[in-house]
Amino acid sequence: MAQPFLNSIGGQWVPAASGRTFFNHNPANGEVIGEFPASGPEDVAAAVAAAEKARRAWRLTPAPKRAEIVYRAGEIVRERKEELARAMTREMGKILIETRGDVQEGIDMAYLAAGEGRRLYGVTTPSEMPNKWAMSVRVPVGIVGVITPWNFPFAIPSWKLMPALVAGNTAVFKPAGDTPEMARHFTKIFEAAGLPPGVLNLVFGSGSQVGTPIVAHPRVGALSFTGSTEVGLAINEVAGRLGKRVTLEMGGKNAIIVMDDADLALATEAVVWSAFGTTGQRCTACSRVLVHARVHDELAQRVAARAKTLRLGDGLDPATEMGPLVNASQVATVEKYVAIGRNEGALLAGGGRAGGAALERGHFYQPTVFADVKADARVAVEEIFGPVLAMVKVADLEEAVEVNNASEYGLSSSIFTRDVNRAFAAMRDLDTGIVYVNHGTTGAETHLPFGGTRGTGNGHREAGHTMLDPFTEWKSIYVDFSGHLQRAQIDNN
Ligand code: NDP
């Protein structure tokens with residue numbers, strides 16, 4: 001029997017109004033993890049009503065007190081880190097080292113966002129008039145709709161919901177269908193930390209039945225979405241018509257540039273972990289390497305040799321280096337692109353599903369390397385979101401930068417070189433939201449702004465010193481105290 005789970009609306013744990021449910025599965029072996037409400041627009045309406053009811057009291061709660069609850073949530077996450085990491089591996093497949101990192105981002109974000117409760121800085125400025133005071137303050141937007149993907153099922157909700165709550169918003173949260181359990185843990189932790197009922201409402205269900213009604217609901221003032229470009233742009237269209245504020249973090253096709261003076265051993269390890277960590281399903285994952293022609297063949301051989309040694313298996317096994325893909329549809333996408341890639345480059349490693357008795361019930365796919373791929377080949381241009389790497393020859397740094405910047409996406413990029421001049425030129429010229437030097441395209445620290453250019457984002461950044469921007473508006477306030485002074489003058493006379 002699968003364990004049945006419920007939505008959280010107005011502080012009550014309730015089933016979908018329709019009574020319908022869906023199951024989620026462990027991608028490593030197909031075991032059922034839980035049965036969750038397959039909610040619909042009526043559940044979203046109830047969640048928004050609960051968020052509306054809680055809004056005034058939460059907005060009037062002093063920001064440092066709101067922040068203390070977020071801090072306490074961070075403390076609970078810290079105490080339960082290992083248990084949460086294991087639950088995440090079981091739910092979406094990435095290996096324990098990676099799920100620990102995901103949970104750690106939640107802890108880091110809690111501490112960082114909690115600090116904002118004692119800042120939330122505004123601005124005072126001189127007025128053009130005598131006896132007038134002028135200032136601007138941040139105010140919450142109201143109710144925020146938060147829609148998240150499955151690949152960072154704790155970190156991404158943390159980046160969004162923690163600053164949104166500290167800023168004084170209430171929220172309706174729809175997690176990905178593949179990772180409802182982590183969202184349930186997230187919400188329970190905030191409940192245990194003392195968050196008042198209705199401030200955070202959790203509604204499980206599909207994109208069309210829950211996501212779309214959140215986007216369209218007139219009382220939801222701001223939307224924060226992370227996921228595919230296709231869905232993000234569709235949300236943007238609806239939200240744009242309704243005049244809503246939208247933060248979008250979308251797809252990627254991240255490149256590592258390797259110059260002919262690079263340390264190839266270092267670059268090999270970085271490429272392998274950037275391409276195959278989280279089974280290639282990280283938004284910052286490297287899926288193309290732009291290699292100087294002089295070292296292309298050697299690097300391709302080294303990367304392929306290392307990829308072949310990666311140990312696949314259940315992420316809960318400490319010996320496992322690469323877990324499964326998250327679901328069957330991701331496997332189908334990878335298979336489609338590998339078939340395309342066979343005509344676009346030289347297959348040096350992988351190219352098929354991973355076999356063996358231990359793997360046959362999971363969504364495992366071999367780490368796959370194509371070399372000598374043209375820069376405009378489909379496997380070098382389109383987001384695959386799986387363990388498939390395309391290696392492209394370039395003549396020099398200028399060409400590498402040009403190829404990098406021609407992508408429709410712009411999340412992260414990296415350069416391996418020992419030449420400080422090349423490194424600085426790349427830092428200046430690579431048109432992505434994140435640039436790494438002599439480091440793979442992995443990892444983001446919560447105190448730096450996170451986000452991408454072009455098709456990856458719409459100009460917003462999450463986390464860092466920008467964390468409050470998506471969830472606050474500025475209010476300008478003028479105080480005219482000349483009336484009081486005039487009265488005082490009259491009294492003195
Ligand atoms: P999807 O876009 O398929 O889904 C993201 C979320 O949107 C899920 O909760 C999904 O629900 C929901 N959704 C789906 N359709 C709609 C809709 N019509 N209206 C409202 N919500 C909807 O992305 P994935 O979950 O598959 O995540 C992978 C993608 O996310 C990749 O493209 C990756 O690059 C990107 N990503 C980007 C990051 C970044 O920071 N730039 C970080 C992480 C991932 P459901 O699950 O129920 O379908």
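May I ask you to verify whether Arg72 is surrounded by fewer than 16 Cβ atoms within 10 Å (Cβ to Cβ) and basic (Lys, Arg)? Judged against the criteria, Arg72 is not a match. Considering Gly243, Gly194, Gly198, the condition of being out of contact with any helix residue (DSSP H, G or I) (no Cβ under 7 Å at 6 or more places or on another chain), at positive phi and either surrounded by fewer than 24 Cβ atoms within 10 Å (Cβ to Cβ) or not polar (S, T, N, Q) (or both) is satisfied by Gly243 alone. Criterion first (closer than 25 Å to Ala444 by Cα and without any contact (Cβ under 8 Å) to a residue 60 or more places away in the chain) does Ala171 satisfy it? No; evaluated as a whole, the condition is false for this residue.
Within the set Thr179, Thr170, Thr229, Thr268, the sole residue that is crowded, with 18+ Cβ neighbours inside 10 Å and within 19 Å of Gly451 (Cβ to Cβ) turns out to be Thr229. Among the candidates Thr61, Thr125, Thr89, the residue that is modelled with pLDDT of 95 or more, among the hydroxyl-bearing types (Ser, Thr, Tyr) and closer than 30 Å to Ala28 by Cβ is uniquely Thr89. Regarding segment 426-433, can at least one residue be identified that is aliphatic (A, V, I, L, M), crowded, with 18+ Cβ neighbours inside 10 Å and in a helix (DSSP H, G or I)? Yes, some residue in segment 426-433 is aliphatic (A, V, I, L, M), crowded, with 18+ Cβ neighbours inside 10 Å and in a helix (DSSP H, G or I).
Of everything in segment 467-483 that's away from the ligand (no atom under 14 Å from the Cβ) and assigned to a helix (DSSP H, G or I), which residue is surrounded by the fewest Cβ atoms within 10 Å (Cβ to Cβ)? It comes out as Gly483.
Residues in segment 441-462 that are among the hydrophobic types (A, V, I, L, M, F, W, C) and within 10 Å of the ligand (Cβ to nearest atom): Ala444, Phe450.
Give the residues of segment 277-317 that are under 16 Å from Pro387 (Cβ atoms) and part of a strand (DSSP E or B), sorted by residue number. Answer for segment 277-317, where residues must be under 16 Å from Pro387 (Cβ atoms) and part of a strand (DSSP E or B): Cys286, Ser287, Arg288, Val289, Leu312.
Of all residues in segment 362-397, those satisfying the criterion of being under 23 Å from Lys308 (Cα atoms), outside any loop (DSSP other than H, G, I, E, B) and over 27 Å from the mean Cα position of the chain (by Cα) are Phe370, Ala371, Val392, Lys393.
The values are calculated or read from the model by the stated rules, or taken from the named source; none is laboratory data. In this text, all values refer to a predicted model and were calculated from it rather than measured experimentally. For neighbour counting, all protein chains shown are included, and Cβ atoms are generated from backbone atoms with ideal geometry for every residue, glycine included.
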